[in-house]
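One structure below.
The values are calculated or read from the model by the stated rules, or taken from the named source; none is laboratory data. Just so it is clear, the model here is predicted, and its values are computed rather than measured. In this analysis, Cβ positions are derived from the backbone assuming ideal geometry, glycine residues included, and neighbour counts consider all displayed protein chains.
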Amino acid sequence: MRRLEHKIPPPVLVLLALGLIWAIDRLDLDGSPLEGTPARVTALVVAALGLALGASGLAGFTRAGTTFDPHHIEEASALVVTGVYRFTRNPMYLGMVALSVAWALALGSIVGLVGSVLLVAALVRLQIRPEERALAARFGDDYERYRRSVRRWL
């Protein structure tokens, strides 16, 4: 599995998860129990929060003048620990997961949330763990202190 680390860009993982959620919804395994306005409003709120989290994370990297390219984490010039990074170490990935949850809600598919769970697993295994290793190598004790004080997700 190590050979897949950093090989699939996170947006592609998100698109795969969204496709899986859509396919699960087409199977109608749960009878679409979340249909109607409340599910769609909830989906919009979750999507807006996801987009805000992702944009905030990206803005933090931009302000710090460091790379946000997950395939070149070794080029990071700064450890970003302010803003949204005080609450989550992975706001951009959390935003992506929120978008997949919003998609399942918008489609009315509880079973479709399996796609979001698989997205979390793929992000942790293929992106986050390798990034954590690279950040620990690059920033040493500063990263370890940060890692111990701020959760991976929330």
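Brief remarks follow.
- Inter-residue pairs, beta-carbon under 7 Å, first without any contact (Cβ under 8 Å) to a residue 24 or more places away in the chain and in segment 137-154, second in a helix (DSSP H, G or I) and surrounded by 11 or more Cβ atoms within 10 Å (Cβ to Cβ), 6+ apart: Glu144/Ala136
- Within the span defined as segment 22-40, every residue fails to be crowded, with 19+ Cβ neighbours inside 10 Å, modelled with pLDDT of 95 or more and either out of contact with any strand residue (DSSP E or B) (no Cβ under 7 Å at 6 or more places or on another chain) or of a type in the set (A, V, I, L, M, F, W, C) (or both).
- Residue in segment 81-93 that is surrounded by fewer than 16 Cβ atoms within 10 Å (Cβ to Cβ) and not in a helix (DSSP H, G or I) present: yes
- Close Cβ contacts (under 7 Å, 6 or more residues apart or on different chains) running from residues in segment 116-135 that are closer than 20 Å to Phe68 by Cβ and at pLDDT 95 or above to residues that are assigned to a helix (DSSP H, G or I) and polar (S, T, N, Q) comprise Leu119/Ser100.
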